[in-house]
Amino acid sequence: MMKRVGLSVMALAVVVLPAMAQQKLDERRPASKDGVVEVQNVSGSVKVTGWDRDEVAVTGTLGRGSERLEFTGTGVRTEVRVVLPHFAHHVDGSDLEIKVPAGSRVEVNTVSADIGVDEVAGPVRLESVSGRVTVGGAPREFEAKTVSGGIEIAAAGAPGRASSVSGAVALKGVNGSVEASSVSGAVSVTGDAVSRAELQTTSGDIRFEGGLASGGRLDAKTVSGSVVLLLPAATAADFDVTTFSGNITNEFGPQAKRTSEYGPGKELSFSTGAGGRIVAKSFSGDVRLQKR
């Protein structure tokens with residue numbers, strides 16, 4: 001009797017172990033060239049790359065302890081989701097490499113998994129709690145959110161918004177309308193023809209390097225961080241700069257004045273020509289206007 005029980009347990013182990021081990025992925029599904037691709041993964045990584053085929057391909061590895069990969073679609077909408085067992089413990093992260101039609105709208109949600117998107121021409125919407133988010137290529141627009149993960153957008157000319165609670169936010173080579181914010185992380189933005197930029201932090205530093213489109217507007221506001229704006233020498237704009245206890249440095253003309261005989265506040269308002277508008281404010285940090 002004991003021998004039969006032992007054999008049964010061994011047989012069960014043979015069945016269970018492969019399901020618990022890391023699994024290689026290689027699945028494909030037809031998809032519309034401009035459909036929606038939605039991805040969900042708790043931990044590990046998600047890498048999405050656009051290509052010229054009308055199909056979605058998923059490769060990589062399913063983490064040990066994961067229940068399954070759910071890969072469904074109607075052509076217009078495709079869903080890729082790592083399913084975990086209820087009350088899962090000791091589950092390894094899953095690393096997904098996903099090829100999508102270049103014109104797809106890409107939506108990715110993770111907890112701690114890093115997210116990377118490249119060569120996608122459609123809009124991208126990415127969200128993670130602690131994973132790092134990176135975007136390259138030229139998406140039509142972008143939206144990225146994290147709690148503690150860093151965000152880096154190097155999207156040629158793409159408009160969009162990015163926000164984090166404690167992670168750093170970096171937007172590189174952007175144009176059009178952009179928004180970037182972090183509570184305690186730094187915010188940096190570069191772009192040569194920005195029509196509207198709203199940059200905001202609580203304690204993180206703000207750095208903008210680039211130029212405004214004709215009639216463009218730049219708003220940079222922080223409580224205790226510093227603000228550095230590196231602008232072309234020929235920038236034509238109305239400037240409005242204020243601090244409560246920080247210093248103001250200006251390479252474009254007049255120097256700041258005290259806002260009150262009795263207080264430490266400083267302000268600076270001047271114009272280098274009609275067209276744009278630049279507003280920079282910090283409560284206790286310094287503000288620097290520098291020529292590129």
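The values are calculated or read from the model by the stated rules, or taken from the named source; none is laboratory data. Here the structure is a predicted model, which means the values were calculated and not measured. In this analysis, Cβ positions are derived from the backbone assuming ideal geometry, glycine residues included, and neighbour counts consider all displayed protein chains.
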Restricting the stretch 233-253 to residues that are part of a loop (DSSP other than H, G, I, E, B) and of a type in the set (Ser, Thr, Tyr), which is surrounded by the most Cβ atoms within 10 Å (Cβ to Cβ)? Thr235
Please name all residue pairs, on different chains or six or more residues apart, with Cβ atoms under 6 Å, provided the first residue is in the stretch 200-213 and is in contact (Cβ under 8 Å) with a residue 12 or more places away in the chain and on the phi < 0 side of the Ramachandran plot and the second residue is polar (S, T, N, Q) and assigned to a strand (DSSP E or B). Gln200/Ser181; Thr201/Ser182; Thr201/Thr222; Gly204/Ser182; Ile206/Thr222; Arg207/Ser188; Glu209/Thr190; Ala213/Ser195
For the stretch 227-256, name all the residues that are over 16 Å from Thr272 (Cβ atoms) and under 22 Å from the mean Cα position of the chain (by Cα). Val227, Val228
Which of the residues belonging to the stretch 135-155 are in contact with an Asp or Glu (Cβ under 8 Å, 6 or more places away or on another chain) and farther than 16 Å from Ser182 by Cα? Val135, Gly136, Gly137
Every residue in the stretch 35-52 that is in contact with a strand residue (DSSP E or B) (Cβ under 7 Å, 6 or more places away or on another chain) and either polar (S, T, N, Q) or in a loop (DSSP other than H, G, I, E, B) (or both), please. Gly35, Gln40, Asn41, Val42, Ser45, Thr49
Top-ranked residue of the stretch 112-126 - restricted to ones that are assigned to a strand (DSSP E or B) and under 22 Å from Asp34 (Cβ atoms), ranked as farthest from the chain's Cα centre (by Cα): Asp118
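Yes or no, residue by residue, for (1) buried (at least 24 other Cβ atoms within 10 Å of the Cβ); (2) outside any loop (DSSP other than H, G, I, E, B); (3) not hydroxyl-bearing (Ser, Thr, Tyr):
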{"residue": "Gly149", "(1), (2), (3)": "yes, no, yes"}
{"residue": "Glu152", "(1), (2), (3)": "no, yes, yes"}
{"residue": "Ala155", "(1), (2), (3)": "yes, no, yes"}
{"residue": "Ala162", "(1), (2), (3)": "yes, yes, yes"}
{"residue": "Ala170", "(1), (2), (3)": "no, yes, yes"}
{"residue": "Val174", "(1), (2), (3)": "yes, no, yes"}
{"residue": "Ser177", "(1), (2), (3)": "no, yes, no"}
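Determine whether the stretch 254-266 contains at least one residue that is within 24 Å of Ala168 (Cα to Cα), surrounded by fewer than 18 Cβ atoms within 10 Å (Cβ to Cβ) and charged (D, E, K, R).
Keep residues of the stretch 254-266 that are within 24 Å of Ala168 (Cα to Cα), which gives none.
For the stretch 254-266, residues within 24 Å of Ala168 (Cα to Cα), surrounded by fewer than 18 Cβ atoms within 10 Å (Cβ to Cβ) and charged (D, E, K, R): absent.
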Number of the exception - Asp26 against (1) exposed (fewer than 15 other Cβ atoms within 10 Å of the Cβ); (2) touching an Asp or Glu at 6+ places or on another chain (Cβ under 9 Å): (2)
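Picking from Val194, Val287, which residue would you name as being within 30 Å of the chain's Cα centre (by Cα), buried (at least 20 other Cβ atoms within 10 Å of the Cβ), within 29 Å of Pro159 (Cβ to Cβ) and at pLDDT below 95?
Unique residue meeting the criteria: Val194.
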Hits in the stretch 68-102 - residues which are more than 21 Å from Asp118 (Cα to Cα), of a type in the set (Asp, Glu) and touching a residue at least 40 places away in the same chain (Cβ under 8 Å): Asp92
What are the residues in the stretch 202-224 that are over 21 Å from the mean Cα position of the chain (by Cα) and more than 18 Å from Gly173 (Cβ to Cβ), if any? Ser214, Gly215, Arg217, Val223, Ser224
What tally of residues in the stretch 217-232 results from selecting those that are assigned to a loop (DSSP other than H, G, I, E, B) and under 19 Å from Thr201 (Cβ atoms)? 4
